[in-house]
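Report on one structure; see the data block that follows.
The values are calculated or read from the model by the stated rules, or taken from the named source; none is laboratory data. All values derive from a computational prediction rather than experimental measurement. Positions of Cβ are generated from backbone atoms using ideal geometry, with glycine treated the same way; all protein chains shown enter the neighbour counts. Accessible surface areas use protein heavy atoms only, side chains included; no ligands, DNA or RNA. Shrake-Rupley method; radii C 1.70, N 1.55, O 1.52, S 1.80 Å.
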Amino acid sequence: MNEFETLTHIIPKVGSVSRIFSNIVAGRGISKEDVNILVEFRDTIPNGTTIEHEIISAVLKLPHEKFSLMLNSLSLGLKNVIDTYKTYHILLDDMKLSQLWDYDLQSVECRLEEQLYKLREIDKDLIEASNSYEMTPFNGMSPSEISVLERRYYRLKAEYDKEKVRLDAINEERKTIIDMMSNIGNDIFERVNLKCDELLAVAEKYVSSDSNEEPEAKKEESETVSFFSLSLIAGIYEVCNGVQFSEADSIEFFHAINLHPNSHPIQINNGEKVRVCYLISRLADTLESPQREQWLNGILANLDIKMRFYRSKYRQPISDTPSECNKAFADALREIFGK
């Protein structure tokens with residue numbers, strides 16, 4: 001066993017978690033394998049005290065260059081996870097990861113129902129064969145006739161036992177899926193972040209001061225500028241998703257409204273273009289020039305709304321005689337924007 005096995009084991013796992021967080025906020029989604037990595041990280045990574053003992057041992061025994069490389073790699077990965085969660089925690093915590101197994105659960109439940117039906121049909125035949133066989137001493141049947149009934153009974157019993165084993169296996173598979181879904185929990189991103197926070201507090205005690213500057217500078221350079229905060233877009237998403245806009249993932253919605261590079265376009269539902277124009281005007285009013293004009297032109301182009309149409313329609317929901325739908329929408333946005 002390597003002397004610093006725990007530390008060298010954690011570094012690639014932190015890298016994997018950082019990659020998963022980054023992929024999610026970049027709109028690349030998350031896989032079942034990724035979820036399993038997060039669950040394993042949450043449940044198996046040692047606490048800060050254990051890591052600190054190994055770091056201290058590494059400080060004393062490893063060459064400075066090798067130790068610095070290990071600790072800087074660990075620290076950078078932890079910071080990436082923490083910073084991503086801090087910026088995107090609303091979107092991350094809103095994800096229903098257990099839904100990744102919905103199809104698997106539906107599939108196994110269909111197979112379970114089919115197997116139950118098959119077993120019930122065999123059981124009916126087995127009961128009938130058993131009753132016939134048990135009555136042979138009383139119905140005057142010949143030995144050859146009794147032999148036929150006996151063979152049928154034992155054939156059906158063997159078939160029943162075989163299909164019962166299959167039923168038990170399907171039930172076990174269903175239980176495994178349900179246990180997996182429930183084990184994920186609703187706060188996995190928060191708990192992974194807290195674990196990283198704990199480990200970073202330990203690691204930073206031993207990271208040399210000159211090693212902190214470059215990663216921080218890189219982080220600032222790589223940050224994607226957002227026109228609107230997560231909390232504001234989250235409120236709009238709750239009101240508009242599936243109503244003014246076609247159903248979209250909350251992360252995709254956030255990226256699309258903020259005009260982030262490579263974001264997936266969102267679609268306006270039929271009959272909702274006027275209300276979307278009003279929403280755009282409310283969002284634009286929160287920006288200062290030149291950002292206001294930059295975002296307004298970009299979002300209108302992405303949603304295929306002509307500037308002339310926008311200017312003629314955006315105030316309609318707050319006109320003197322708005323329709324009930326327009327009034328309700330304006331009231332909902334007033335509550336989100338606070339005025």
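Using the Cβ-Cβ distance between ASP93 and VAL165 with R0 = 35 Å, the FRET efficiency computed as 1/(1 + (r/R0)^6) comes to roughly 0.25. Using the structure shown, list the pairs from LYS66/LYS86; LYS32/LYS66; LYS13/LYS66 with a Cα-Cα distance above 27 Å, or answer none. Among LYS66/LYS86; LYS32/LYS66; LYS13/LYS66, the Cα-Cα distance tops 27 Å for LYS66/LYS86; LYS32/LYS66.
At 1.4 Å probe size, with the rest of the protein present, what percent of the exposed accessible area of the chain is carbon and sulfur atoms? Reported share for carbon and sulfur atoms: 50 percent.
For a straight C-alpha distance cut-off of 22 angstrom, the lysines reachable from LYS327 (same-chain residues fewer than eight places away being disregarded) are LYS273, LYS313, LYS339. Calculated mean residue ellipticity at 222 nm for the chain: -24000 deg cm²/dmol, from DSSP H runs with n ≥ 4 weighted as -39500 (n - 2.57), summed, divided by the residue count and rounded to 500. With a Förster radius of 30 Å, plug the Cβ-Cβ distance of ASP331 and ALA26 into 1/(1 + (r/R0)^6) and report the FRET value to the nearest 0.05. With R0 = 30 Å, the Cβ-Cβ based efficiency is 0.30. Highest mean packing first, where packing is the average number of other Cβ atoms within 10 Å per residue, the peptides 120-130, 83-93 line up as 83-93, 120-130. In region 249-339, Cα pairs under 8 Å separated by at least six residues give a relative contact order of 29 percent. The three principal axes of the C-alpha atoms in the chain carry coordinate ranges of 103, 76, 28 Å, sorted with the longest axis first. Just to confirm the number: angle between the C-alpha axis of helix 102-134 and the first principal axis of the chain, 0 to 90 degrees, nearest 10? For helix 102-134, the angle is close to 10 degrees. Relative to one another, the C-alpha centroids of region 68-99 and region 275-339 are positioned 34 Å apart.
If the segment from SER246 to ASP179 were pulled out straight at 0.36 nm per residue, it would be longer than the present Cα-Cα gap by 20.8 nm. In this simple spin-label model, placing a label point 7 Å from the Cα along the Cα-to-Cβ direction at both ARG111 and ALA301 gives a separation of 5.0 nm. Taking a straight line from the alpha carbon of LYS61, these aspartates and glutamates sit under 15 Å away, with near neighbours fewer than eight places off in the same chain left out: GLU3, GLU5, GLU52. Can you list the lysines whose alpha carbon is less than 16 Å from that of LYS124, not counting same-chain residues fewer than 8 positions off? Of all the lysines, those that pass the test against LYS124 - Cα under 16 Å, at least 8 places apart if same chain - are LYS157, LYS162, LYS164. Measuring only protein heavy atoms, the 1.4 Å probe finds ASP104 accessible over about 50 Å². Averaging the sequence gap over all C-alpha pairs within less than 8 Å and six or more residues apart, then dividing by the number of residues, gives the chain a relative contact order of 20 percent.
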